[in-house]
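Participant: The structure under discussion is supplied below as structure tokens; questions concerning it will follow.
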Amino acid sequence: MSKSSENPAWKSLAAHALRMSERHLRDLFVENPKRSAVFSVDLGDIYVDFSRERIDTDVLAGLLALAEAADVPAFLGRMLSGGMVNESERRSALHAALRGSGPKELNVDGHNIRGEIARVDARVRNLIERIAAGEIKGYGGKIDTVLVLGIGGSEYGPAFVLDALQESITGPRVRFVGNIDGVTLDRALAGVDPSRTLAVLISKSFETTETKLNWAALKARHPKLPALAVTANILAARQAGFADGDVFPIWDWVGGRYSLWSAVGLPIALALGWPAFEALRAGAAEMDRHLLTAPVRENAPLLMGLIGVWNATFLGARSRAVIPYDSRLSAFIPYLQQLEMESNGKNVTQEGETVGYPTAPVRFGAVGTNAQHTFFQMLHQGTDMIPVDFLVPAVAATNDAGLHPTLLVNALAQADALMAGRPDVPKDQPYRAFGGNRPSTVVLYGKLDARVLGKLIALYEHRTAVEGALWDVNSFDQWGVELGKKMAVEIEPMLKGEKKPTPSLAALIARLGAFGKDAG
Ligand code: F6P
């Protein structure tokens, strides 16, 4: 059992959860029509309204007491100043240092990492200039396409940022290749002139099978393609034939899913330009400052993390949705899935004990208004309570006069409908009833530029760290992905007929063979 759950603050929250099960959000708004003033945080360009969460001032006080008892503020301070917060891998988690946050002097393993970050930044800037000037070329001319080979954190961060800000791309277009179905590679190469293409292989470990296989497949198709590597395993990159000048280092202290701020963000800097990459980092640094300096009751990532734990662990919500009313944030959904579930999908505490309570819920989502026409039925009338994060652009993305107001109306209407419900329906038509009392947080944001996007991403990064600290799990390791990787190696000879299949796989492997014959 974790030290969090043995805390009196934890026990008192369990009692509050019982009490709140009797309360309806509708009544809480009647009791205090100004709830939003109490349960919101205004950061200027980001406004977080959590008045539709199933909390009251006593619950909030209990959650803040839990944060204090679990030493969350101290943990966050340690994280930002290079403390070893990733115990199982004996590493710090210094992604915030990449955007300039934390103490000026930051030594890891005897190296001043500020100097190392600055040196790599200077190399990335130089690369951008030389590509723009046509000094670094494809084998047939000026580079107009960058093909990124990488998966997980080595794909999702850059892919999300570039998708969100695609209208601002001034440099080469970027295509991503993660999966090894062959189709991903085919599609990424469709319409591309290989002679004007640069490949960038991104892999922190330089050991990831998918990335290595896609690299081999690409080289087999286009042997002359120039390539760069981004990795923390310089030796492996060298062994794979990369010259040191073509390798951009990252470090052990950057987790894959937190790495877009490092040279993993090279595709972002190439496509959007260095100033935009700096603006992205600056926005995230604003969130770092806010996290460390804002009073607890006005601290957006802290409060969102507390409410995340309240919903998942105390109110028993085993999934949660994120609904961006903004297509530019559609790739935020898979990004968040990795961020939250790879970070906090854990069942042992930092001390190696079984947690004994539910940790990370399933994160899923889709863009509003599309989502309203699919799974919102379940959000309103399903048997599960599914908390929602509504991400709403306060400023229209285009000049089409009629669209944005209706988009806003839809987002607000959904949040209020989930909250209030509609119980007053004819008795013989119970299928029309909406119980309401379904929690949500509304996050409004201003003009979606690189800075605001960086701030939004850091809000969720820190929220995830807060949740992990409360659950007492290590948010920075990912041992759960290891077993699948190992088993893939063991199963390969079975598929090739070199080893007897396990009883559980025998039928599938036999049937796969038959499919092969049918096709052939
Ligand atoms: O398998 C999961 C994972 O380890 C992620 O944590 C990571 O982002 C991804 O694989 C890719 O790893 P790498 O950058 O080392 O290729």
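The values are calculated or read from the model by the stated rules, or taken from the named source; none is laboratory data. As the structure is a computational prediction, the values presented were derived from the model and not from experiment. Glycine gets a Cβ as well: all are built from the backbone with ideal geometry, and neighbour counts include every protein chain shown. Side chains included, ligands, DNA and RNA excluded: accessible areas come from the protein's heavy atoms. Shrake-Rupley method; radii C 1.70, N 1.55, O 1.52, S 1.80 Å.
Participant: May I ask you to give the percent of accessible area on the chain that is carbon plus sulfur, with a probe radius of 1.4 Å? Write out the running numbers ahead of the final one.
Facilitator: On the way: 12700 of 22840 Å².
Taking all protein chains in place, the chain shows 56 percent carbon and sulfur surface.
Participant: Among all the aspartates and glutamates, which ones have a C-alpha under 15 Å from LYS499's C-alpha, if same-chain residues fewer than 8 places away are not counted?
Facilitator: Candidates past the 8-residue exclusion: GLU490.
Participant: Let's see if you can work this out: charge +1 on each Lys and Arg Cβ, -1 on each Asp and Glu Cβ, no other charges. What is the dipole magnitude of the range 23-151 about its Cα centre, in debye to the nearest 20?
Facilitator: Working: 18 positive and 19 negative charges, 105 e Å.
Dipole about the Cα centre, nearest 20: 500 debye.
Participant: Oh, and also: Each residue of the range 248-253 in order: what ³J(HN,Hα) in whole Hz does its phi give by Karplus 6.51 cos²θ - 1.76 cosθ + 1.60, θ = phi - 60°, with x for Gly and Pro?
Facilitator: Once θ is set to phi - 60°, the couplings for the range 248-253 become 10, x, 10, 9, 3, 7 Hz.
Participant: Evaluated at 37 °C with a viscosity of 0.692 mPa s, what Stokes-Einstein diffusion coefficient in µm²/s does the range 121-227 have when Rh comes from the Kirkwood expression over alpha-carbon pairs?
Facilitator: Working: Rh = 14.2 Å.
Here the translational diffusion coefficient equals 230 µm²/s.
Participant: Rounded, prolate or oblate, given the Cα gyration tensor of the range 286-385, with a/c below 1.5 counting as rounded? Write down the numbers at each step before the final one.
Facilitator: Details: a/c = 1.79, a/b = 1.22, b/c = 1.47.
It comes out oblate by the Cα gyration axes.
Participant: Could you work out how far the C-alpha centroid of the range 493-511 sits from that of the range 17-87, in angstrom?
Facilitator: If we compute the Cα centre of each part, the gap is 51 Å.
Participant: Here's something else I'd like to know. From the convex hull of the Cα coordinates of the range 1-139, what is the mean projected area in square nanometres?
Facilitator: On the way: hull surface 60.0 nm².
Taking a quarter of the hull surface, the average projection is 15.0 nm².
Participant: Ratio of Rg to Rh for the chain, alpha carbon only, Kirkwood?
Facilitator: Working: Rg = 24.4 Å, Rh = 24.7 Å.
Ratio of gyration radius to Kirkwood radius: 0.99.
Participant: In debye, nearest 20, what is the charge dipole magnitude of the chain about its Cα centre with +1 on Lys and Arg Cβ and -1 on Asp and Glu Cβ, if you could check?
Facilitator: Details: 55 positive and 57 negative charges, 201 e Å.
Dipole size: approximately 960 debye.
Participant: Let me ask you something else. Hey, what did the chain get for relative contact order, percent, Cα under 8 Å, at least 6 apart?
Facilitator: Values: 861 pairs, mean separation 100.9, N = 520.
19 percent.
Participant: Here's another thing I want to ask about it. Order these peptides, 333-342, 107-116, by their mean beta-carbon neighbour count within 10 angstrom, highest first.
Facilitator: 333-342, 107-116
Participant: May I ask you to derive the relative contact order of the range 3-148, considering only C-alpha pairs under 8 Å and at least 6 residues apart, and to give it as an integer percent?
Facilitator: Values: 103 pairs, mean separation 20.3, N = 146.
For the range 3-148, the relative contact order is 14 percent.
Participant: On to the next question. Quick one: which residues, 5 or more positions from VAL148 or on another chain, have an amide H under 5 Å from its amide H? H modelled 1.01 Å from N in the peptide plane, none for Pro or chain starts.
Facilitator: Excluding prolines and chain starts, which carry no amide H, the hits are ARG175, PHE176, VAL177, VAL200.
Participant: Which lysines does LYS455 reach when only Cα atoms under 16 Å apart count, and residues fewer than 8 places away in its own chain are ignored?
Facilitator: LYS447
Participant: At 1.4 Å probe size, with every protein chain present, just tell me what the per residue accessible area of the range 297-409 comes to in Å². Please report the intermediate quantities before stating the final value.
Facilitator: Numbers: 4360 Å² over 113 residues.
The answer is 39 Å² per residue.
Participant: Quick check on packing: order 485-496, 263-274, 163-174 by the mean number of other C-beta atoms within 10 Å, highest mean leading. Don't skip to the end; give the middle numbers.
Facilitator: Numbers: 485-496: 11.7, 263-274: 24.8, 163-174: 17.0.
By packing density, highest mean first, the sequence is 263-274, 163-174, 485-496.
Participant: Return the distance in nm (one decimal) between the two label points of a simple spin-label model at LEU213 and LEU412, each offset 7 Å from Cα along Cα→Cβ.
Facilitator: Placing both labels 7 Å beyond Cα along the Cβ direction yields 5.0 nm.
Participant: Show me 440-451, 27-38 ranked by packing, highest mean number of other Cβ atoms within 10 Å first. It would help to have the intermediate numbers written out before the result.
Facilitator: Numbers: 440-451: 20.4, 27-38: 13.4.
With the highest mean Cβ count within 10 Å placed first, the list reads 440-451, 27-38.
Participant: To one decimal place, what Kirkwood hydrodynamic radius in Å is obtained for the range 340-430 from all pairs of distinct Cα atoms?
Facilitator: Details: mean 1/r = 0.0605 Å⁻¹.
That comes to 16.5 Å for the range 340-430.
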